[in-house]
Amino acid sequence: MAKTAAFQGLDSRGCIEREGSLALVPHDFRPVVAAARDRLLEVFGARLHSAYLYGSIPRGTARVGRSDLDLLVALREEPTEADREAVRVLGDALDKEFGQIDGVGTLLFGRERLLSEPERYDLGWFVACLCTPLLGEDLAEYLPRYRPDSLLARETNGDLALLLPRWRERIAGADDSEKARRPLVRFMSRHLVRTGFTLVMPRWNGWTSDLREMAEVFGAYYPHRAAQMRTAAEYGYEPVGDPVILRSYVDDLGPWLAEEYARVHGVKTPRPA
């Protein structure tokens with residue numbers, strides 16, 4: 001049987017410690033972060049409530065030319081389609097200008113939604129624990145502390161069964177090329193590894209964002225799926241656009257993981273339309 005971790009990633013009260021810091025941003029990526037900060041202010045002005053970094057750059061583990069820039073933006077009101085287009089254009093411009101990054105991903109929400117009760121153990125947790133403040137008032141001040149329990153597991157990743165049909169559509173609609181499939185492999189690999197980790201997170205009683213460590217933790221509880229999850233973790237860092245990999249995700253590993261997740265933690269609470 002797998003051993004309980006020594007409270008990795010938790011504070012003295014057993015709550016998940018917040019990841020990342022602006023001080024940890026590697027030197028090569030600081031110009032990118034500075035440009036993103038300035039341009040978000042230019043685009044949204046007074047409508048911008050706050051902005052955050054997340055992922056490998058604020059954790060200090062980003063790799064030049066391999067890592068993407070991950071941003072979360074909170075507006076004072078719900079974003080419009082024009083706002084979403086604006087962040088897409090901003091991201092494309094940053095990606096073209098700075099060779100240090102391999103793409104820009106921006107999550108865009110209204111402040112009210114991020115602090116809403118239905119999102120408290122999903123987007124709220126994401127902001128409070130996985131996001132590093134970049135601009136504005138930190139929404140974490142209005143959110144609780146979080147423990148690695150079954151409630152958090154259910155509300156963060158308990159919707160995999162609903163996502164799989166959309167993944168199949170994305171795979172079917174992608175161009176028939178290695179280049180086009182590579183981002184899908186990276187995205188789905190990361191999602192499956194994180195879902196596998198949160199499946200066992202309450203038993204392990206800790207937190208990590210390292211994909212390889214997530215896979216190892218998962219494998220200690222599900223050894224018959226350990227090799228698959230380790231491979232997915234590697235593809236999360238170094239993706240290849242192989243259609244066989246994508247089919248294995250939506251036809252084998254994904255459906256099994258969704259069923260086991262629902263059995264152990266239940267299904268994510270439906271969100272308002």
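The values are calculated or read from the model by the stated rules, or taken from the named source; none is laboratory data. All of these numbers come straight from a predicted model, not from anything done at the bench. Counting neighbours? That spans all protein chains shown, and the Cβs are built from the backbone with ideal geometry, glycine included. Ligands, DNA and RNA are excluded from the accessible area calculation, which covers all protein heavy atoms including side chains. Shrake-Rupley method; radii C 1.70, N 1.55, O 1.52, S 1.80 Å.
Tabulated data for the structure shown
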{"read-out": "Computed [θ] at 222 nm, helices only, for the chain once each DSSP H run of length n ≥ 4 contributes -39500 (n - 2.57)", "value": "-14500 deg cm²/dmol"}
{"read-out": "Principal axes of region 24-142: Cα extent on each, largest first, Å", "value": "38, 28, 19"}
{"read-out": "Net +/- balance of residues flanking Gly14 in space, Cβ distance below 11 Å, scoring K and R +1, D and E -1", "value": "0"}
{"read-out": "With every protein chain in place, the chain: carbon and sulfur % of accessible area (1.4 Å)", "value": "52"}
{"read-out": "Percent of Cα pairs exceeding the 18 Å cut-off, where the set is region 43-110", "value": "38"}
{"read-out": "Top positive-direction residue, dipole computed over the chain with Cβ charges, set Ser177, Met201, Leu90", "value": "Met201"}
{"read-out": "Label corresponding to mean projected area of the Cα convex hull in nm² when calculated from the structure given, among (i) 12.9; (ii) 18.9; (iii) 14.3", "value": "(iii)"}
{"read-out": "Whole-number accessible area per residue in Å² for the chain, which is evaluated in the context of all protein chains at 1.4 Å", "value": "48"}
{"read-out": "Largest-first principal axis extents, alpha carbons of region 18-72, Å", "value": "32, 25, 17"}
{"read-out": "At least 15 Å along the helix axis (C-alpha) and Kyte average at least 1.6, DSSP helices within the chain", "value": "none"}
